[in-house]
Amino acid sequence: MSADPSPAPRLVGAALILLGVGAAITSFLIPLDQYGRWGARMFPLGASIVLICLGAVEVISSSPKASQTKAELKRNGPAILALLGLSLLYIWAMARFGYLASTFVAAPVALWIFGVRHPLGLLLAAFLCPGMYHLIFFELLGVFPPLGDWFDLLDVFGGY
């Protein structure tokens with residue numbers, strides 16, 4: 001059998017590139033700081049560039065045999081689509097319910113998609129992921145958290 005480029009890694013790569021481009025465009029919507037510098041734009045823009053590069057590497061380097069292609073797509077396709085759907089829903093939920101509540105729900109769902117099934121691990125992820133990310137990005141790095149339009153837990157906890 002001759003080597004035939006697999007569509008599954010190319011689809012993942014294309015999805016990463018599209019997410020990276022969308023995130024890069026969105027990062028330019030973050031306002032400049034009070035001194036006119038990019039400030040809070042830098043981290044999301046850097047992450048966007050990394051997503052684009054990883055997607056390009058995935059597209060360029062994918063070349064398994066055709067017989068593996070259908071099996072890989074059948075096995076990984078639902079997880080890829082679930083993760084893409086979760087990321088879009090997470091962005092929507094973050095705009096409506098803020099960072100903490102949306103990450104509380106999205107973190108264990110993402111781990112479940114990746115195969116984590118232990119209830120204690122999923123429960124810990126629900127609390128540790130938003131808490132640790134909040135501490136690192138919003139407290140230590142001083143990035144302003146995305147607040148929810150409808151409801152935000154930071155209002156309840158007396159944050160921002």
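The values are calculated or read from the model by the stated rules, or taken from the named source; none is laboratory data. Worth saying up front: this structure is predicted, and the values here are computed from it rather than measured. Cβ atoms come from the backbone with ideal geometry, glycine included; neighbour counts cover every protein chain shown. In case anyone asks, the SASA skips ligands and DNA or RNA and just uses the protein heavy atoms, side chains included. Shrake-Rupley method; radii C 1.70, N 1.55, O 1.52, S 1.80 Å.
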Where is the GNM fluctuation largest for the chain (alpha-carbon springs, 10 angstrom cutoff): Pro146, Pro119, Pro44?
Pro119
Per residue accessible area in Å² of the chain, where ligands, DNA and RNA are left out and the probe is 1.4 Å:
65
For Cα pairs less than 8 Å apart in space and 6+ apart in sequence, what is the mean separation divided by the residue count of the chain, i.e. the relative contact order in percent?
24
Rounded to whole Å, give me the distance from the Cα center of region 94-160 to that of region 16-31.
20
Heavy atoms only, 1.4 Å probe, whole protein assembly: order Trp112, Trp150, Trp38 by accessible area, highest first.
Trp150, Trp112, Trp38
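Would you please give the FRET efficiency between Leu54 and Gln34, computed as 1/(1 + (r/R0)^6) with r the Cβ-Cβ distance and R0 = 22 Å, to the nearest 0.05?
Efficiency for this residue pair is about 0.10.
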Taking only protein heavy atoms and a 1.4 Å probe, the highest-to-lowest accessible-area order of Tyr35, Tyr99, Tyr90 is Tyr35, Tyr90, Tyr99
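First compute the accessible area of the chain with a 1.4 Å probe, then give the percent of it belonging to carbon and sulfur atoms.
75
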Whole-number Å³ per residue for the convex hull built on Cα positions in the chain
120
To the nearest 20 debye, the chain has a Cα-centred charge dipole, built from +1 on Lys and Arg Cβ and -1 on Asp and Glu Cβ, of 560
Please work out how much length the chain gains when fully extended from Glu139 to His118, using 0.36 nm per residue of separation minus the C-alpha to C-alpha distance, in nm with one decimal.
4.6 nm
